[in-house]
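Have a look at the structure that comes next, please.
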Amino acid sequence: METVILAVVIAVVVLGALGGLIVGSRRKKSLPPPPPAAPDITAPPAEPHVGDEAETPRDEPRRTIEEVDLPDGSAPVAVEEPPALEIPEIEAPEPTAGRLVRLRARLSRSQNALGKGLLTLLSREHLDEDTWEEIEDTLLTADVGVAPTQELVDGLRERVKVLGTRTPDELRGLLREELLKLVGTDFDRTVRTEPETSKPGIVMVVGVNGTGKTTTTGKLARVLVADGRSVVLGAADTFRAAAADQLQTWGERVGAHTVRGPEGGDPASVAFDAVKEGKEMGSDVVLIDTAGRLHTKTGLMDELGKVKRVVEKHAPLDEILLVLDATTGQNGLVQARVFAEVVDITGIVLTKLDGTAKGGIVVAVQRELGVPVKLVGLGEGADDLAPFEPEAFVDALIGE
C-alpha cells in the first residue's frame, strides 16, 4: 500500500516538472510584432466651384469704386499696327542699246571659233580640194546645214578665183559678205508688240522642255519695260511645278502684273484671262508663257493649238516666238518644224548662244522655217537678252 502511494506521488512530481518546462519554453519564443496603426489620411482640399476664390482670401485693404482712378479718355490708347507687307523693289532694266554693246563683246569672245577656222583655211597658199573639204566640214560642224554650206563654199570658190591674191583684210571682207548672205539682212526682225487696231499687243512664247521659255518670257518683259511699255504676264505653264511662281518673280522685279491659275489647270483659260485683264488694265503688251512640251507628243501639241485659238477669241496674236536651245543643233530643226505645223511661228529666240561655236544654227533654222531669228540669249543674267543683229553676229563670228 505504501509502495503504491509513493509511486503516485513520484508520478505527480514528474508531470509537474514536465509541465513547467513546456510553459518556460513557450515564454522564451518571440511574439509577432503588433500590426501597424492605420495612417491618418488627410482629405484633399475641395475644388473651387463657380464663384469661389481660387485661393484662401487674404486680409488686404480694399478700395471702393469711388477711390479707383478711371481713365478720362484724354490719354492716347496705343494700338498695334499690323506688320507692313514687304513690297519687292522694282528694278530699272538696262536699255536695249547698252546691252547690245555688251552682248556684242561677249559674243565676239565666245563665238569666233567658226570665223577663225574659216579664215585660217582660206589663208593657205594653195586652196586644193582637201582644203575646201575642210572648209565644208567646219561649216557643217557649226550646224550651218548642208544646203547653206554648199552655197557658201561655191560662192567662196568663185570669189577667191576672181580675187587672185588674198590679203588677210580681203579674206575677212570676202567671208563677211558671204556669211551675211546666208544669215540674211532683209528679214524684219522687230518683235511685233504694237497692234494696228487697239492695245494690247499679244505675244505667245512656245518651245520644248528645257529651252528656257519662262526665263525668256521674263527677260523679254524687262526689254519691253526698259523701252517704256507696260506688260501683263500670263502664266499658262500650269503643268511644271513652280513655273507660275518663277514668272511672277520676274514680273515683280519690273512691276509687271502676272495672271496665273491653279496648278494643273487649263492653260487656255489662263491665257484667255491674261488677255482679258491686259485689256481692262490698258496694258501695252501681254506675254503668254506656255508649258514646255515634247514635239513628239501629239496630244500636247494639239493643246497648244487650243491655247492659240482661245486667245484669238479676244484678238489675233501679234507674235508667236519659238524658243530654241542653240546647242541642240539639228535636233532643234526637227522641233522647229513640228511647232511650225501647229502654230504659225513668226520669230525665233535662240538661247544659250554663248560659249559655243555652233552659231550656224541661226542660218539653218531660218532656212528651215522661213522666219527670222529675232532675239538671242547670251548668258544667264537678267539683261542677257537682246535683239538679233546680223552684222554684229557675223562680225563676232569672224573676230576683230
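The values are calculated or read from the model by the stated rules, or taken from the named source; none is laboratory data. Here the structure is a predicted model, which is why all the values come from computation and not from measurement. We place every Cβ from the backbone using ideal geometry, glycine too, and count neighbours over all the protein chains shown. What goes into the accessible areas is simple: the full protein's heavy atoms, side chains included, and nothing from ligands, DNA or RNA. Shrake-Rupley method; radii C 1.70, N 1.55, O 1.52, S 1.80 Å.
Evaluate the following for Thr190: is it outside any helix (DSSP H, G or I), polar (S, T, N, Q) and surrounded by fewer than 19 Cβ atoms within 10 Å (Cβ to Cβ)?
Values: outside any helix (DSSP H, G or I): yes; polar (S, T, N, Q): yes; surrounded by fewer than 19 Cβ atoms within 10 Å (Cβ to Cβ): yes.
The answer is yes for Thr190.
Can you pull out every residue in the range 160-184 that is under 21 Å from Val371 (Cα atoms) and not in a helix (DSSP H, G or I)?
Gly184
Does the range 211-220 contain any residue that is open to solvent by less than 40 Å² (accessible area, probe 1.4 Å) and either within 30 Å of Leu121 (Cβ to Cβ) or not in a helix (DSSP H, G or I) (or both)? Steps first, please.
Of the residues in the range 211-220, the ones open to solvent by less than 40 Å² (accessible area, probe 1.4 Å) are 211-214, 216-220.
The next check asks that each one be either within 30 Å of Leu121 (Cβ to Cβ) or not in a helix (DSSP H, G or I) (or both); those that pass are 211-212.
Checked the range 211-220: at least one residue is open to solvent by less than 40 Å² (accessible area, probe 1.4 Å) and either within 30 Å of Leu121 (Cβ to Cβ) or not in a helix (DSSP H, G or I) (or both).
Here is a check on your reading of the model: is Arg157 surrounded by fewer than 14 Cβ atoms within 10 Å (Cβ to Cβ) and assigned to a helix (DSSP H, G or I)? Before the answer, list the steps.
Values: surrounded by fewer than 14 Cβ atoms within 10 Å (Cβ to Cβ): yes; assigned to a helix (DSSP H, G or I): yes.
For Arg157, the condition - surrounded by fewer than 14 Cβ atoms within 10 Å (Cβ to Cβ) and assigned to a helix (DSSP H, G or I) - is met.
Related question: What's the number of the only condition in (1) at pLDDT 90 or above; (2) part of a helix (DSSP H, G or I) that Gly234 fails to meet?
(2)
Just to be sure before I move on: is Thr131 of a type outside the set (Phe, Trp, Tyr) and over 30 Å from Phe272 (Cβ atoms) in the structure I sent? If you could, list the steps in order and put the result at the bottom.
Numbers: of a type outside the set (Phe, Trp, Tyr): yes; over 30 Å from Phe272 (Cβ atoms): yes.
Considered against the rule, which asks whether it is of a type outside the set (Phe, Trp, Tyr) and over 30 Å from Phe272 (Cβ atoms), Thr131 comes out as yes.
Separate question: Select from the range 246-260 the residues that are closer than 26 Å to Gln335 by Cβ and either open to solvent by 10 Å² or more (accessible area, probe 1.4 Å) or of a type in the set (Val, Ile, Thr) (or both) and list them in ascending order.
The first filter runs over the range 246-260 and keeps only residues closer than 26 Å to Gln335 by Cβ, leaving 246-247, 250.
If the condition is that a residue be closer than 26 Å to Gln335 by Cβ and either open to solvent by 10 Å² or more (accessible area, probe 1.4 Å) or of a type in the set (Val, Ile, Thr) (or both), then Gln246, Trp250 are the ones that fit.
Right, another one. List the number of the failed condition for Leu353; all other conditions in (1) open to solvent by less than 20 Å² (accessible area, probe 1.4 Å); (2) modelled with pLDDT under 80; (3) over 21 Å from Thr217 (Cα atoms) hold.
Exception for Leu353: condition (3).
Of everything in the range 339-349, what is part of a helix (DSSP H, G or I) and within 18 Å of Gly212 (Cα to Cα)? Give them in sequence order. First the steps, then the outcome.
Let us first name the residues in the range 339-349 that are part of a helix (DSSP H, G or I), namely 339-342.
Phe339, the sole residue that qualifies.
When the residues of the range 194-207 are narrowed to those that are in contact with a Gly (Cβ under 6 Å, 6 or more places away or on another chain) and open to solvent by 10 Å² or more (accessible area, probe 1.4 Å), which ends up farthest from Asp325 (Cα to Cα)? Before the answer, list the steps.
In the first step, residues of the range 194-207 are kept if they are in contact with a Gly (Cβ under 6 Å, 6 or more places away or on another chain); the result is 194-195, 200.
Narrowing further to those that are open to solvent by 10 Å² or more (accessible area, probe 1.4 Å): 194-195.
Numbers: Glu194: 27, Pro195: 29 Å.
In this case the residue turns out to be Pro195.
So which residues in the range 261-283 are buried (at least 23 other Cβ atoms within 10 Å of the Cβ), of a type outside the set (Val, Ile, Thr) and farther than 24 Å from Ala382 by Cβ, if there are any at all? Outline the logic, then answer.
Here is the first cut: in the range 261-283, the ones buried (at least 23 other Cβ atoms within 10 Å of the Cβ) are 267, 270-271, 274-275, 278.
Then drop every residue that is not of a type outside the set (Val, Ile, Thr), which leaves 267, 271, 274, 278.
Pro267, Ala271, listed by residue number.
Then there is this: Select from the range 304-327 the residues that are in a helix (DSSP H, G or I) and open to solvent by less than 50 Å² (accessible area, probe 1.4 Å) and write down the one among them that is modelled with the lowest pLDDT. I'd like the intermediate steps shown before the answer.
Initially, the range 304-327 is screened for residues in a helix (DSSP H, G or I), giving 304-311, 326-327.
Within this subset, residues satisfying the condition of being open to solvent by less than 50 Å² (accessible area, probe 1.4 Å) are 304-305, 307-308, 310-311, 326.
Numbers: Leu304: 85, Gly305: 86, Val307: 90, Lys308: 90, Val310: 91, Val311: 90, Ala326: 81.
Among those that are in a helix (DSSP H, G or I) and open to solvent by less than 50 Å² (accessible area, probe 1.4 Å), it is Ala326.
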